[in-house]
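Contents: one structure, followed by commentary.
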Amino acid sequence: MVYSAFILVGILTLASAILAVKFWLQLRDLRQRYAGVTNIQDEINALIVSRDRSKKELDEFEKSVQQRRTELTGEHERLVAKRDDLQKQVSLLEENLEDISFGLYKPHFTFQSSDEYKAALEDVREKERQLIRDGKASFCPVNWTVSNSEKAGARMTKQYTKLLLRGFNGECDAAVANVTWNNAERMQERVRKSFEALNQLGSVMQMTLTREYLKLKLDELRLTHECEEKKHQEREEQRRIREQIRDEEKAQQEIEKARQQAEKEEADYEKALSKAREEALRATGSQLEKLTKQISSFEAKLDEARQNKQRALARAQLTKSGFVYVISNIGSFGDRVFKIGMTRRLEPMDRIDELSDASVPFAFDLHAMLYSDNAPELETALHKLVQDRQVNLVNPRKEFYKDVELEEIEAFVKQRGLSAQFIKIPEAKEYRETQALRAQRAMVEQNGQAQVAVQQPVSV
C-alpha cells in the first residue's frame with residue numbers, strides 16, 4: 001500500500017512538472033507573439049504621462065495668454081480713450097456742417113428781440129473791460145522781484161498777464177466770429193480748453209485767468225450766437241409777413257378787378273337792356289318775340305353781374321376770408337407728406353401754381369380747397385391737429401406734415417360744419433410719367449445687355 005502511494009505521488013509530481021513546463025513554454029510563446037502589444041501599452045502609458053504634462057503646460061500657456069489678453073484689452077481701451085480725446089480736441093478746430101457731436105445748443109437767455117440781445121451783449125463786453133481795468137481778469141498771488149527789484153517784478157507780472165489776456169481774447173474772438181448753429185457747443189468747449197491751456201502755461205509764474213472772466217467770455221459767445229439766431233427768426237417772420245402782405249395785395253387787386261369787371265358788365269347790360277326795351281316798344285310780330293328773348297337774357301346777365309359785384313364787395317369787406325388748401329408733391333417730398341396753407345386770392349389755384357414753380361422738380365397736387373370766412377383760424381386749427389407730425393421741427397412756418405391721413409383732415413373739417421370734396425389719390429402726372437420712362441429705359445438697357453451676352457462667343 002505504501003509503495004503504491006509513493007508511486008501515485010511520483011506520477012502526480014511528474015505530471016505537475018510536465019504541465020508546468022508546458023505552461024511555461026506556452027507563456028514564452030505568448031510573450032514572444034504579443035511582445036509588440038506590451039510595447040504599445042508602455043507607449044500608451046508614456047503618452048498618458050506626456051499628455052498630462054502637456055495639459056499642464058497648455059493650462060499654463062492659456063493662463064499666460066489670458067493674462068496677456070487682459071493686459072492688451074486694458075491697453076486698447078486706454079488708447080481708444082486717448083484717441084477719442086484727441087479727436088475731440090481736433091474737432092474743436094475743424095469746421096464741418098454735419099458735425100453736431102457736441103450736441104445741439106440749448107439757449108441760455110430768453111430775450112424777445114435781437115435789440116435786447118444786442119443790449120445784453122454790450123453790457124457783457126463793458127463788464128469784461130471793467131474787470132480788466134480793476135485787475136480782476138487775472139490773478140497772481142506772488143509778488144515777484146527781478147534783480148532784487150519789486151518794481152521790475154510788478155512790471156514783469158503785468159506784461160505776462162497782458163500776454164495771457166491777449167492770447168485768451170484772441171481765441172475767444174475767433175470762437176465768437178465762427179460760431180454757428182452746429183458748432184456753438186464746440187466753440188464753448190474751445191474757449192474752456194484755451195482757458196485751461198493758458199492757465200497751465202501761466203502756472204510756472206503762478207499767474208492765472210479768473211473764472212469770472214471766463215464766464216463773461218462764455219456769455220459773450222452765447223449772446224452772440226443767440227442774437228444771430230433771433231435775427232434769423234425775425235427775418236423769417238418778416239419774410240412771412242411780406243409774403244402774406246403780397247398775397248393779400250394780390251387778393252385785393254383780384255377783388256377790385258372783379259368788382260370793376262362786374263360794374264362794367266352791369267353798366268353794359270343795363271344799357272343793352274334799356275335799348276332792347278325801347279326797340280320792343282316799337283317792334284311787332286317776330287321782331288318783338290326776338291327782342292323779348294333778348295330782354296330776358298339781358299336781365300339774367302344783369303342779375304348775374306350784380307351778384308358778382310356784391311360778392312366782390314363782400315369779399316373786400318371780409319378781411320379774414322380766404323381758402324385753406326391741402327396739397328402734396330410725392331415726386332418732390334414722398335408719399336403721405338402734405339402742405340397745409342392759406343390764401344386770400346380770388347383764384348386760389350394761382351397760389352398753388354406759384355408754389356409749383358422751378359423751386360420744386362414736380363408740380364403740387366390739390367387734395368382739398370376749403371373756403372372760410374375766417375381762414376387764418378381754420379388754418380391754425382388744422383396745423384394744431386397734425387402738429388406732432390411736422391416735418392421741420394425748427395421752422396413751423398414751412399407748413400409741411402408727414403404720415404398724415406386725408407380722412408383725418410376730412411373728419412375734422414366736417415366737425416366744424418364745412419364741406420369739401422377731398423381728392424384722395426394725387427394725379428402726379430409728371431412724376432408718374434417720369435417713373436414710367438425710367439422703367440422703360442431700364443427694360444431697354446436690360447434687353448440690350450442680354451443681347452450682348454448672347455452674341456458673346458463661348459470659350460471652350
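Where the centroid of each part is defined by its Cα atoms, how far is segment 156-233 from segment 327-387 in Å?
When both Cα centres are located, 47 Å separates them.
Give the order of Lys151, Lys402 when sorted by the count of other beta carbons within 10 angstrom, beginning with the fewest. Could you put the intermediate results ahead of the total?
Working: Lys151 9, Lys402 14.
Least to most surrounded, the residues fall as Lys151, Lys402.
Pop out the Kirkwood hydrodynamic radius of segment 182-277 from its pairwise C-alpha distances, inverse of mean 1/r, in Å to one decimal.
Numbers: mean 1/r = 0.0509 Å⁻¹.
Computed over segment 182-277, the radius equals 19.6 Å.
Considering the zone a paramagnetic label at Glu150 would reach in this model (a point 7 Å from Cα along the Cα-to-Cβ line), which residues of segment 113-141 have amide N under 17 Å from it?
Taking a point 7 Å out along Cα→Cβ of Glu150, the residues of segment 113-141 whose backbone N falls under 17 Å are 140-141.
Take every Cα-Cα distance within segment 251-317, group them into 10 Å bins from 0 onward, and report for each bin the whole-number percent of pairs it holds.
23, 38, 22, 13, 4
Suppose R0 equals 25 Å. What FRET efficiency, 1/(1 + (r/R0)^6) with r the Cβ-Cβ distance, do Asp134 and Asp173 give to the nearest 0.05? Can you show the working numbers first?
Values: r = 21 Å, r/R0 = 0.85.
About 0.70, to the nearest 0.05.
Under a point-charge model restricted to the Cβ atoms of Lys and Arg (+1) and Asp and Glu (-1), what is the dipole moment magnitude of segment 114-234 relative to its Cα centre, in debye to the nearest 20? Before the final figure, lay out each step's value.
Values: 21 positive and 20 negative charges, 142 e Å.
Approximately 680 debye in magnitude.
Starting from the Cα of Glu228, step 7 Å along the direction of its Cβ; do the same at Ala81; then give the gap between the two resulting points in nm.
Distance between label points: 3.5 nm.
Can you work out the FRET efficiency for the pair Gln415 and Thr73, with r the C-beta to C-beta distance and R0 = 45 Å, to the nearest 0.05? List each step's numbers first, then the result.
Values: r = 64 Å, r/R0 = 1.41.
Once the sixth-power term is evaluated, E becomes 0.10.
Readers should treat all values here as calculations from the given coordinates under stated rules, not as data from a laboratory. Nothing here was measured: the structure is a model prediction, and the numbers come from that model. We place every Cβ from the backbone using ideal geometry, glycine too, and count neighbours over all the protein chains shown.
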